[in-house]
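Chemist: So that we are looking at the same thing, I have put the structure below in structure tokens.
The values are calculated or read from the model by the stated rules, or taken from the named source; none is laboratory data. Everything numeric in this text was worked out from a predicted model, so none of it was measured. Positions of Cβ are backbone-derived with ideal geometry, glycine not excepted, and every protein chain shown enters the neighbour counts.
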């Protein structure tokens, strides 16, 4: 299937599809093995490949379609069984196979009538990789696995292998299912031209293994040098987003959103004690509480300081020494908008609440599961202490909402969804697919509870966003959203 792309001369409207592309190489996540087809990635009843007993297909059509890519690995899977190949090693093996046995070196993936990307155009960040111990350890472990798995092909030398590995890890896309959960990894050559911004003007969504890039802002023309998507989850502090991008992609993000003073003061903000004031209050809650990295060394007032790092990069930090360690200075903590002061007790409660929440969010992240009682306890402690847009409060609400859906506690889920919408708008923006999905889930719950008018409002909000980010032919729009919206309209 050839790429579909938009004419660069025409004006672009929000919701326009600007690129559709099939993967150069892809793998289904091992955690999805046995529940999804290894070719189309659809969830449902699947059968094992009779040869290797490792990959699964939903039918003969997908098995035939995948055979050209699978036949070389089928024998290798059978030979190394019962050992299981890690996802990263399988992806690298697929890339090596296509480059050295197929059309990989000559394949062109077009993003306009005359412009295309090839494998060699992808950046490998070779020098950055060599200095990255974690990535080098991962690379070494993959090489050990591949030398055993690929007995039937002469592997590239170490330098070439590092180049392949670098291009793979830097340019991979997480393939997402209908609920925006990761189900696999793919290399998309044309789509890799897109750079990152925390305020993107385009969005990548998936229909199976097909990637679709859509504009979410109006533009006078399609200029690929100006197109941006987000590489990461945006509901984090600017510092955490920048750190993740530095560690995974080797660049320091300096987009307007990362440098936005409004976001910086909200991410760790306390609620103002004056109930008529909605401004966040800056209270440092730990030593060297970093909120954003900046490329130059400056000095700031108002409880915020910058720390130089090797003369090339600084971090804006909440000045904990002045505010926390010196008891006599605690009474200087006050709202910059209305002047309301915080007492020692209020500062201590805020610090302990942030510390408590931080620990439990980390535990839930490591466990990859959210517990209703833990989330509820955190939110109870945060009530009247953390600002409604505080990033830890937002993350706790997000975990709680998902956990409540799992255990079908609809009443409480609705309470949290209402609060979460504001957080999603603040961190993701008004045209993010995750916001559309939140409106959809909330509307579905309200419809189940027979609160039809409220459900209709949420589903209409979902329709506006999802039509823009996914298009009206996507299964999320056609099969999930529209039946619910039509039901709500009929019952209203």
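Chemist: Residue 28 versus (1) buried (at least 17 other Cβ atoms within 10 Å of the Cβ); (2) farther than 20 Å from residue 172 by Cβ: which is the lone unmet condition?
Modeler: (2)
Chemist: Here's something else I'd like to know. Given the conditions (1) crowded, with 22+ Cβ neighbours inside 10 Å; (2) at pLDDT 95 or above; (3) assigned by TED's automatic domain parsing to the domain that holds residue 395; (4) in contact with a helix residue (DSSP H, G or I) (Cβ under 6 Å, 6 or more places away or on another chain), which single one is not true for residue 271?
Modeler: With respect to (1) crowded, with 22+ Cβ neighbours inside 10 Å; (2) at pLDDT 95 or above; (3) assigned by TED's automatic domain parsing to the domain that holds residue 395; (4) in contact with a helix residue (DSSP H, G or I) (Cβ under 6 Å, 6 or more places away or on another chain), residue 271 is out only on (4).
Chemist: Give me the helices (runs of 4 or more DSSP H) completely within the stretch 80-156, filtered to those with at least 3 residues that are under 16 Å from residue 171 (Cα atoms), ordered by residue number. Working first, answer last.
Modeler: Numbers: elements: 87-101, 126-130, 133-149.
Filter on the stretch 80-156 gives 87-101, 126-130.
Chemist: If you check 181, 248, 225, which single one turns out to be farther than 25 Å from residue 437 by Cα, within 15 Å of the chain's Cα centre (by Cα) and surrounded by fewer than 17 Cβ atoms within 10 Å (Cβ to Cβ)?
Modeler: Values: 181 fails: farther than 25 Å from residue 437 by Cα; 225 fails: within 15 Å of the chain's Cα centre (by Cα).
Going through 181, 248, 225 in turn, just one is farther than 25 Å from residue 437 by Cα, within 15 Å of the chain's Cα centre (by Cα) and surrounded by fewer than 17 Cβ atoms within 10 Å (Cβ to Cβ): 248.
Chemist: Being closer than 30 Å to residue 157 by Cβ, out of contact with any strand residue (DSSP E or B) (no Cβ under 7 Å at 6 or more places or on another chain) and part of a loop (DSSP other than H, G, I, E, B): is that true of residue 77 here? Working first, answer last.
Modeler: On the way: closer than 30 Å to residue 157 by Cβ: yes; out of contact with any strand residue (DSSP E or B) (no Cβ under 7 Å at 6 or more places or on another chain): yes; part of a loop (DSSP other than H, G, I, E, B): no.
No, not satisfied.
Chemist: All but one of (1) in contact with a helix residue (DSSP H, G or I) (Cβ under 7 Å, 6 or more places away or on another chain); (2) modelled with pLDDT of 95 or more hold for residue 286, so report the exception by its number.
Modeler: The number of the failed condition is (2).
Chemist: Mind checking whether some residue in the stretch 35-43 is assigned by TED's automatic domain parsing to the domain that holds residue 93, more than 22 Å from the chain's Cα centre (by Cα), at pLDDT 95 or above and farther than 21 Å from residue 187 by Cβ?
Modeler: yes
Chemist: If you don't mind, there's one more thing I want to ask. Failed condition for residue 145, given (1) more than 23 Å from residue 109 (Cα to Cα); (2) in contact with a strand residue (DSSP E or B) (Cβ under 8 Å, 6 or more places away or on another chain), with all others met?
Modeler: All conditions are met except number (2).
Residue by residue, here is whether (1) part of a helix (DSSP H, G or I); (2) at pLDDT 90 or above; (3) over 26 Å from residue 428 (Cα atoms) holds:
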residue: 328; (1), (2), (3): yes, no, yes
residue: 353; (1), (2), (3): yes, yes, no
residue: 358; (1), (2), (3): yes, yes, no
residue: 366; (1), (2), (3): yes, no, no
residue: 379; (1), (2), (3): yes, yes, no
